[in-house]
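Read through the structure below, which is laid out as structure tokens, and then see the notes.
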Amino acid sequence: MSIPQPVVTLERELRGVFGARLQSLVMYGLQAGRHRKEIRTLALVQSLTEQDLRGCASRVSAWHSSGLATPLILPAKEFDRSLDVFPLEFSAIIADHVLVVGDAPFDHADVEDADLRRACEIRARGHLLHLREGFIEAAENGNALAILIVESAAPLNALLASVARLGGRQNIEPEAAARHTERILNLPGGVIADVARLVSVHEIPAVDAERLFPAYLSAMESLVEYVDGWAGH
């Protein structure tokens with residue numbers, strides 16, 4: 001694919017900051033972020049100093065104005081040693097990126113299944129805890145419950161993509177990720193897909209929220225149990 005002009009400019013300006021220490025620049029999240037306005041990038045460098053950060057900070061407003069998210073910048077060795085700490089985030093970058101300049105940075109990057117499963121469980125349990133806490137705070141107010149469900153849709157889609165990645169499915173569409181999760185959990189009714197679709201809406205009627213929530217909560221409990229017991233491909 002052709003490299004957008006803002007990314008070409010970013011590469012030139014990063015080269016001005018880091019010189020030969022800029023090892024690689026990639027765009028990422030191209031499939032998962034098709035509806036996102038900002039372009040996401042990752043720069044791997046040989047070293048990173050406070051002066052480098054100041055040099056980037058002086059340019060960040062222009063980057064944002066051109067449609068770029070703040071680039072993720074880190075030393076290449078730090079990236080390699082962080083794969084077990086951020087397995088979901090970095091495996092998503094590895095699976096969905098385009099090299100802009102430099103050496104192919106991920107040829108030897110390896111995210112362990114155990115690290116991926118653990119991170120997925122953390123995300124799933126956190127989502128479940130958030131729903132339970134939010135339900136209590138809603139205090140049987142249907143409108144508050146509706147807000148809780150709608151605001152949970154984006155994190156749910158991220159969770160579903162992680163569950164799909166755990167099963168070896170990369171760059172899966174949100175709708176397909178929801179169906180995949182419903183299938184592996186043997187869930188009837190399509191409640192996960194129903195909530196996942198709410199990422200594109202601002203509100204739902206209180207009556208719909210009251211109908212959705214019990215099945216949604218039950219589905220998340222099943223998902224946590226599934227991820228907790230996941231034993232590999």
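Taking the options LEU42, LEU68, name whichever one is among the hydrophobic types (A, V, I, L, M, F, W, C) and in contact with a Lys or Arg (Cβ under 9 Å, 6 or more places away or on another chain).
Numbers: LEU42 fails: in contact with a Lys or Arg (Cβ under 9 Å, 6 or more places away or on another chain).
That would be LEU68, the only listed residue that is among the hydrophobic types (A, V, I, L, M, F, W, C) and in contact with a Lys or Arg (Cβ under 9 Å, 6 or more places away or on another chain).
Which residue is nearest to LEU131 (Cα to Cα), if the candidates are limited to region 213-233 and must be over 22 Å from the mean Cα position of the chain (by Cα) and modelled with pLDDT of 95 or more?
Within region 213-233, the subset over 22 Å from the mean Cα position of the chain (by Cα) is 213-215, 218, 229, 231.
From what's left, modelled with pLDDT of 95 or more: 213-215, 218.
Values: PHE213: 9, PRO214: 11, ALA215: 12, SER218: 11 Å.
Residue satisfying both the conditions and the ranking: PHE213.
Say whether the condition of being at negative phi, outside any strand (DSSP E or B) and either loosely packed, with under 15 Cβ neighbours inside 10 Å or in contact with a Phe, Trp or Tyr (Cβ under 8 Å, 6 or more places away or on another chain) (or both) is met by at least one residue in region 21-30.
no
Give VAL163, VAL195, VAL201, VAL150 a once-over and let me know the one that is β-branched (Val, Ile, Thr) and loosely packed, with under 14 Cβ neighbours inside 10 Å. Give the derivation first.
Details: VAL163 fails: loosely packed, with under 14 Cβ neighbours inside 10 Å; VAL195 fails: loosely packed, with under 14 Cβ neighbours inside 10 Å; VAL150 fails: loosely packed, with under 14 Cβ neighbours inside 10 Å.
From the options VAL163, VAL195, VAL201, VAL150, the qualifying one is VAL201.
Any residue at all in region 18-28 that's assigned by TED's automatic domain parsing to the domain that holds HIS97 and farther than 14 Å from VAL101 by Cα? Can you show your working first?
First, pick out the residues of region 18-28 that are assigned by TED's automatic domain parsing to the domain that holds HIS97: 18-28.
Filter once more, so that each one left must be farther than 14 Å from VAL101 by Cα: none.
For region 18-28, residues assigned by TED's automatic domain parsing to the domain that holds HIS97 and farther than 14 Å from VAL101 by Cα: absent.
Listed residues HIS97, HIS127; which is under 28 Å from ILE39 (Cα atoms), modelled with pLDDT of 95 or more and crowded, with 16+ Cβ neighbours inside 10 Å? Reasoning before the result, please.
Details: HIS97 fails: modelled with pLDDT of 95 or more.
Within the list HIS97, HIS127, the selection yields HIS127.
Using the structure shown, decide if GLU78 is assigned to a helix (DSSP H, G or I), within 22 Å of ASN171 (Cα to Cα) and of a type outside the set (A, V, I, L, M, F, W, C).
On the way: assigned to a helix (DSSP H, G or I): yes; within 22 Å of ASN171 (Cα to Cα): no; of a type outside the set (A, V, I, L, M, F, W, C): yes.
So GLU78 does not fit the description; no.
Would you please list the contacts, defined by Cβ atoms under 7 Å and residues six or more apart or on different chains, that run from a residue in region 185-207 that is farther than 25 Å from LEU166 by Cβ to a residue that is of a type in the set (S, T, N, Q)?
Within 7 Å, the pairs are ALA206/ASN143.
Name every residue in region 116-175 that is closer than 23 Å to ILE94 by Cβ and touching a Phe, Trp or Tyr at 6+ places or on another chain (Cβ under 7 Å), in order of residue number.
ARG117, LEU166
For residues that are surrounded by 17 or more Cβ atoms within 10 Å (Cβ to Cβ) and either under 16 Å from LEU159 (Cα atoms) or of a type in the set (Ser, Thr, Tyr) (or both), tally how many sit in region 71-88.
Number satisfying all stated conditions: 2.
Of all residues being modelled with pLDDT of 95 or more and of a type in the set (Ser, Thr, Tyr) in region 1-27, which is nearest to SER65 (Cα to Cα)? Just the residue, please.
Step by step, filter region 1-27, then rank; the result is THR9.
Has region 21-37 got any residue that is over 29 Å from GLN170 (Cβ atoms) and in contact with a Leu (Cβ under 9 Å, 6 or more places away or on another chain)?
First pass over region 21-37, keeping only residues over 29 Å from GLN170 (Cβ atoms): 21.
Checking the rest, the ones that are also in contact with a Leu (Cβ under 9 Å, 6 or more places away or on another chain) come to 21.
Taking every residue of region 21-37 in turn, at least one turns out to be over 29 Å from GLN170 (Cβ atoms) and in contact with a Leu (Cβ under 9 Å, 6 or more places away or on another chain).
The values are calculated or read from the model by the stated rules, or taken from the named source; none is laboratory data. Remember, it's a predicted structure, so these values are computed and weren't measured experimentally. Positions of Cβ are backbone-derived with ideal geometry, glycine not excepted, and every protein chain shown enters the neighbour counts.
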